[in-house]
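Only the coordinates and a few stated rules stand behind these numbers; no lab work does. Keep in mind that this is a model prediction, so the values were computed, not measured. Neighbour counts are summed over all protein chains in view; Cβ atoms, including those assigned to glycine, are modelled from backbone coordinates with ideal geometry.
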C-alpha cells in the first residue's frame, strides 16, 4: 500500500515537472506587416542564385515608415543596442517555434541606442527590402525609434 502511494506521488511530481518545463507562452505580435514578411519566398535569378521574392503588397511598403512589434534578438553582447534582429517570438522560444521554418526576422538599425529587454517592443522605421541574395539580411528597419 505504501509502495503504491510512493509510486503515485512520484508520477504526480514527474508529470508536474514535465508540465512546468513547457516553453513559456509569448504575446502574439503578428500584425499585417509581419504577415506580409512571412510570405517571402525564394526564386532563382538569371545567375541561378537563390534570391528572396517578396509579395507585391510588401514591396509597396519599400522606403515607407512602418511599425513592427517584436522581441529584440541581440547580435552583440552589450546592454544597449543600435543594431539587432527583431522577431515575433522571444529568443528563448526559438527551439519551440514549431514545425517548418524559422520565424521571420528583420534587421534593425536604430537612430538611438535601445536598452535590451526580453519584453516586446514596438518600433517605427523605414522598411527596406534586400533582393540581392547577398549575405546581408533580407529585410531592414532603418533609422528605427521606439514607439511608446
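Here are the numbers for the structure shown:
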item	result
In Å, descending, principal axis extents of the Cα set of segment 26-146	43, 33, 27
Label-to-label distance, nm, for residues given as residue 132 and residue 49 (7 Å Cα→Cβ offset)	0.8 nm
For segment 26-146: relative contact order, % (alpha-carbon pairs under 8 angstrom, 6 or more apart)	27 percent
